[in-house]
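Coordinate-derived values only; no laboratory data. In this text the structure is predicted, and so the values were computed from the model without any measurement. No Cβ is skipped: glycine too gets one built from the backbone with ideal geometry, and neighbour counts run over all protein chains shown.
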Amino acid sequence: MIRGLYYKGEGQQRYLTIDEIATACRISSRKVKGWISQKILRRAEFGDNLVAVSEVLWFLLRNNMPVASSLLPPKTGKILFVTSNSAELHEKEVTFNHICKLFAENYNLVLAESTTLGRPAHLTILTFEPDVVIVFQRSFTKELVGTFDLLSGISNLKTILFVDRATKLAADNGLLAISADLVVSESLPLDQLSTKLSSFFKG
């Protein structure tokens with residue numbers, strides 16, 4: 001899976017003591033000190049016993065560890081990318097990164113997660129609790145329909161579906177069998193895509 005952390009500006013940065021990290025991660029202070037001495041976690045430049053919260057968050061994310069809500073700043077956004085298979089996740093990595101940067105314009109911190117259609121997507125949606133779900137799918141499958149059935153029952157959740165040009169045309173004519181807040185053609189030029197998504201995220 002591809003995970004990401006997008007932090008908005010050093011001025012928003014926050015630092016944690018060893019004890020605060022231990023409490024948030026539900027481990028001993030000794031364990032945290034071990035991570036720091038092994039340079040698994042990097043100390044802040046101005047304090048031996050302080051670590052940037054972004055450093056702690058990225059460590060937890062890349063090691064698939066739970067993130068305590070106490071570590072998250074106000075205006076934290078969560079975005080989930082869904083594709084049909086794991087190979088496509090890596091093919092779309094540059095696109096994911098671009099979209100996350102657009103999404104982060106409205107937040108202090110953005111957590112990004114990715115998964116594949118079907119049961120993995122359902123579990124991730126329920127545990128990650130994203131604010132926005134973006135699905136890349138060129139054809140209609142039971143997994144796609146099932147995923148959007150689940151998404152339609154979650155309040156305050158925005159959905160984007162990336163499709164091929166023919167499917168986008170069908171959506172424009174009201175012929176799409178599933179409902180997404182925004183349907184986008186994968187062939188849309190980058191500048192037009194950026195404008196469309198920026199407007200959508202701000203809305």
message = Let's see if you can work this out: charge +1 on each Lys and Arg Cβ, -1 on each Asp and Glu Cβ, no other charges. What is the dipole magnitude of region 40-118 about its Cα centre, in debye to the nearest 20?
response = 140
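Run through region 126-201 and list the chymotrypsin sites (Phe, Trp or Tyr not before Pro) located in a DSSP loop whose Cβ has at most 16 other Cβ atoms within 10 Å.
Details: sites: PHE128, PHE136, PHE140, PHE148, PHE162, PHE200, PHE201; in loops: PHE140.
For chymotrypsin sites (Phe, Trp or Tyr not before Pro) across region 126-201 that sit outside H, G, I, E and B with at most 16 neighbouring Cβ atoms in 10 Å, the list reads PHE140.
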query = What value, in deg cm²/dmol to 500, does the helix sum -39500 (n - 2.57) over DSSP H runs of n ≥ 4 give at 222 nm once divided by the residues of the chain?
reply = -12000 deg cm²/dmol
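Dipole magnitude of region 8-71 about its Cα centre, charges +1 at Lys/Arg Cβ and -1 at Asp/Glu Cβ only, in debye to the nearest 20? Could the numbers behind the result be given before it?
On the way: 10 positive and 6 negative charges, 51 e Å.
Result for region 8-71 is approximately 240 debye, rounded to the nearest 20.
Can you pick out the pairs among LYS33/LYS101; LYS33/LYS92; LYS31/LYS202; LYS142/LYS196; LYS39/LYS202; LYS31/LYS158 whose Cα atoms lie more than 31 Å from each other? Present the calculation step by step, with values, prior to reporting the outcome.
Details: LYS33/LYS101 33 Å; LYS33/LYS92 37 Å; LYS31/LYS202 41 Å; LYS142/LYS196 28 Å; LYS39/LYS202 38 Å; LYS31/LYS158 39 Å.
Going by Cα-Cα distance, LYS33/LYS101; LYS33/LYS92; LYS31/LYS202; LYS39/LYS202; LYS31/LYS158 fall outside the 31 Å limit.
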Unit charges on C-beta of K, R, D, E only; dipole of the chain, Debye = 480
message = Output the 0 to 90 degree angle, nearest 10, between the alpha-carbon long axis of helix 142-152 and the longest principal axis computed from the alpha carbons of the chain.
response = 70
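Using DSSP to call loops (not H, G, I, E or B), can you name the GluC sites (Glu not before Pro) in region 29-123 whose Cβ has at most 13 other Cβ atoms within 10 angstrom? Walk me through the numbers on the way to the answer.
On the way: sites: GLU45, GLU55, GLU88, GLU91, GLU93, GLU105, GLU113; in loops: GLU45.
Those that pass, being in a loop and sparsely packed, are GLU45.
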task = Could you state the angle between the C-alpha long axis of helix 190-202 and the longest principal axis of the C-alpha atoms of the chain, as a value from 0 to 90 degrees rounded to the nearest 10?
result = 70
key: Nearest 10 degrees, 0 to 90: helix 53-62 Cα axis against the chain principal axis   = 60
message = Suppose we flag trypsin sites (Lys or Arg not before Pro) only when DSSP calls them loop and at most 10 other Cβ atoms lie within 10 Å. Which is the longest uninterrupted stretch of the chain?
response = 40-203
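Chymotrypsin sites (Phe, Trp or Tyr not before Pro), restricted to region 36-103: which are DSSP loop and have at most 13 other Cβ atoms within 10 Å?
Details: sites: PHE46, TRP58, PHE59, PHE81, PHE96, PHE103; in loops: PHE46.
Answer in residue order: PHE46.
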